[in-house]
Amino acid sequence: MLHTLLLLFYEFFFTGLFAVGGGLATIPFLQRIGRRRGWYSPQELATKIAIAQTAPGPLGTNMAAYVGYSVARLPGAAASAFSLMIPTIGVDLIIASLMDRFKRSTVMERVMKVLRPVSAGLICAAALTLLQIALTHIDAEWRLSEPLTWLQNFNWRAVALFAALLPCAMCKRLRKIHPMVYIAAGAAVGALLGL
């Protein structure tokens, strides 16, 4: 049990240290953890992400606690969530002190100009990964030499649900509807269609 807790602590400390851009940026790290440790399959990861997004709180911390709990129950949840937050708190304290000291510095301005697109890129990569998990069959292979077979990789019912809900979420008038309504609607339709 101690060995498992130490592995959870290590994996999520590493994730917290390098997942720049928030909760979505943890998804590639979570995929790597699943492949390396065998704690969950890609399908289970997709389910964990969906559940973590419906729970209150930051996605990364929710995911860490959820994965930790599934691997080592309450001690695992505590170790994972705590270890994910340690680097964030430390880096935030360091950056806050530097920002106060160097807020008018041209070097700091240049650094921030570079960090913004890097962070956005990591988030976009995570979003694309999440789309692939949600809209395709998990065991799908994407061979570049066979692009016509890619159509077989899609879960077309999930694609239809995504296509139906995306315009609703993007519509200015409908954006006032609470996200939980969309999540509940998606869950109901998914249960009815057997997604």
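Here are the numbers for the structure shown:
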{"item": "Amide hydrogen neighbours beyond the local backbone of THR136, cut-off 5 Å, H modeled", "result": "ASN155"}
{"item": "Percentage relative contact order, segment 1-153, counting C-alpha pairs under 8 Å, at least six apart", "result": "29"}
{"item": "Cβ charges +1 (Lys, Arg) and -1 (Asp, Glu), total dipole of the chain, debye", "result": "580"}
{"item": "Calculated from backbone phi, Karplus (6.51, -1.76, 1.60) coupling profile of segment 98-111 in Hz, x at Gly/Pro", "result": "5, 5, 5, 6, 10, 4, 9, 6, 5, 5, 5, 4, 5, 4"}
{"item": "Mean projected area (nm²) of the alpha-carbon convex hull when the chain is viewed from all directions", "result": "14.4"}
{"item": "DSSP loop trypsin sites (Lys or Arg not before Pro) with at most 13 other Cβ within 10 Å excluded, longest remaining stretch of the chain", "result": "1-102"}
{"item": "If the convex hull is drawn through the Cα atoms of segment 155-195, its volume per residue in Å³", "result": "51"}
{"item": "3J(HN,Hα) from dihedral phi, segment 29-45, Karplus parametrisation 6.51/-1.76/1.60, rounded to Hz, x for glycine, proline", "result": "5, 5, 4, 5, 4, x, 5, 6, 9, x, 6, 7, 8, x, 5, 5, 4"}
{"item": "MRE, 222 nm, helices only [DSSP H, n ≥ 4, -39500 (n - 2.57), over the chain, to nearest 500]", "result": "-26000 deg cm²/dmol"}
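A short reminder: the numbers here are calculations on the coordinates, not readings from a lab. Because the structure is a prediction, the values reported are computed rather than measured. All Cβ positions, glycine included, derive from the backbone under ideal geometry; neighbour counts span all protein chains shown.
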